[in-house]
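Undergrad: So that we are looking at the same thing, I have put the structure below in structure tokens.
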Amino acid sequence: MSETVVSIHNAKIYQGGSLILDDVNFSVNKGEFVYLVGKTGTGKSSLLKTLYGELPLTEGSASVVGFNLRDMDWKKVPFLRRNLGVVFQDFQLLTDRNVHENLRFVLKATGWQDEKLIEEKINDVLDKVGLKSKGFKMPFEMSGGEQQRVDIARALLNSPKLILADEPTGNLDPETSDEIMQLLIQIARDYGTAVIMATHDFIVINRYPSRILKTEKGKVMDSAAV
Ligand SMILES: Nc1ncnc2c1ncn2[C@@H]1O[C@H](COP(=O)(O)OP(=O)(O)O)[C@@H](O)[C@H]1O
Ligand SMILES: [Mg+2]
């Protein structure tokens, strides 16, 4: 039986008091790769923010990597975040330190103490994103594609069952977008990490077809629904 990592039922998603998405229902299994598509302003980021605990869920129910999101105590949000990886369009690396130190900072902040395990983990995630020998580089010395790989490495640090990626190829040229897509798809396939990726890049979607959730007219349509 497949393991469910996201399940959301009869949810309403609000932003600043306005209803953005109504009657949201879907589930995502371990290792699944799912696109979240829809025009700008239709609620893709709002939905992802709900799933990573940035927007509170006040109506309906949702379970994400075993956490119940409904009326979740804000003190639990850091624990939820440790169990998923988030990747953004603009990389969000700390610009004053190198790649290795960026990753180390996150591990320290999430409670890692053993220096040997920290080293091993950093080498492991850099290897997974194809940047094994680039740990000494400063973010400004790297291309956009390399910085996005570091962002993905960071998302992998706590071995998440789920990665939420908000337009991760939005700032990249087509060729680099392709490389990042292949990496994300490979992560889902090889490590069983579910990926929900918001995008409006139809070149990417057509080249790497997969299940699609679409935000439209205040609802989420699911290509997998029958
Ligand atoms: N912090 C916010 N406060 C109020 N309204 C917001 C906020 N962020 C987004 N919105 C509104 O919510 C709607 C959905 O936005 P968003 O989730 O960012 O869509 P998308 O990611 O699909 O472009 C838009 O109408 C947007 O203006
Ligand atoms: Mg958005």
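The values are calculated or read from the model by the stated rules, or taken from the named source; none is laboratory data. The shown structure was predicted, so the numbers you read here are calculated from the model rather than taken from an experiment. All Cβ positions, even for glycine, are placed from backbone atoms using ideal geometry, and neighbour counts span all protein chains on display.
Undergrad: Of everything in the stretch 1-28 that's within 16 Å of ligand 2 (Cβ to nearest atom) and free of Cβ contacts under 8 Å to residues at least 40 places away in the same chain, which residue is nearest to Lys219 (Cα to Cα)?
TA: Only one residue tops the list, namely Ser18.
Undergrad: Return the residues of the stretch 159-174 that are away from ligand 2 (no atom under 13 Å from the Cβ) and not in a loop (DSSP other than H, G, I, E, B); say none if nothing qualifies.
TA: Within the stretch 159-174, Leu162, Ile163, Pro174 qualify.
The rows are residues; the columns are (1) modelled with pLDDT under 95; (2) in contact with a Leu (Cβ under 6 Å, 6 or more places away or on another chain).
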site: Gly43; (1), (2): no, yes
site: Thr50; (1), (2): no, yes
site: Leu55; (1), (2): no, no
site: Gly60; (1), (2): no, no
site: Val64; (1), (2): no, yes
site: Leu69; (1), (2): no, yes
site: Asp73; (1), (2): yes, no
site: Pro78; (1), (2): yes, no
site: Arg81; (1), (2): yes, no
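Undergrad: Moving on to the next point. Quick check on the stretch 47-58. Is at least one of its residues within 16 Å of ligand 1 (Cβ to nearest atom), aromatic (Phe, Trp, Tyr) and touching a strand residue (DSSP E or B) at 6+ places or on another chain (Cβ under 8 Å)? So that I can check it myself, show each step before the final result.
TA: Looking only at the stretch 47-58, we keep the residues that are within 16 Å of ligand 1 (Cβ to nearest atom), and these are 47-58.
Subset that is aromatic (Phe, Trp, Tyr): 52.
Keeping just the survivors that are touching a strand residue (DSSP E or B) at 6+ places or on another chain (Cβ under 8 Å) gives 52.
Yes - at least one qualifying residue is present in the stretch 47-58.
Undergrad: Residue pairs, Cβ under 9 Å, 6 or more apart or interchain, first in the stretch 44-58 and touching a residue at least 40 places away in the same chain (Cβ under 8 Å) and closer than 11 Å to Leu69 by Cα, second part of a helix (DSSP H, G or I) and among the small types (Gly, Ala, Ser). List them.
TA: Leu55/Ser46
Undergrad: Okay, next question. Among Gly111, Gly53, Gly31, Gly41, which is the only one that is surrounded by fewer than 16 Cβ atoms within 10 Å (Cβ to Cβ), in a loop (DSSP other than H, G, I, E, B) and either more than 16 Å from ligand 2 (Cβ to nearest atom) or of a type in the set (Asp, Glu) (or both)?
TA: Working: Gly53 fails: surrounded by fewer than 16 Cβ atoms within 10 Å (Cβ to Cβ); Gly31 fails: surrounded by fewer than 16 Cβ atoms within 10 Å (Cβ to Cβ); Gly41 fails: either more than 16 Å from ligand 2 (Cβ to nearest atom) or of a type in the set (Asp, Glu) (or both).
Among Gly111, Gly53, Gly31, Gly41, only Gly111 is surrounded by fewer than 16 Cβ atoms within 10 Å (Cβ to Cβ), in a loop (DSSP other than H, G, I, E, B) and either more than 16 Å from ligand 2 (Cβ to nearest atom) or of a type in the set (Asp, Glu) (or both).
Undergrad: A further question on this structure: Can you confirm whether the stretch 68-77 contains a residue that is of a type in the set (Val, Ile, Thr) and in contact with a strand residue (DSSP E or B) (Cβ under 7 Å, 6 or more places away or on another chain)?
TA: no
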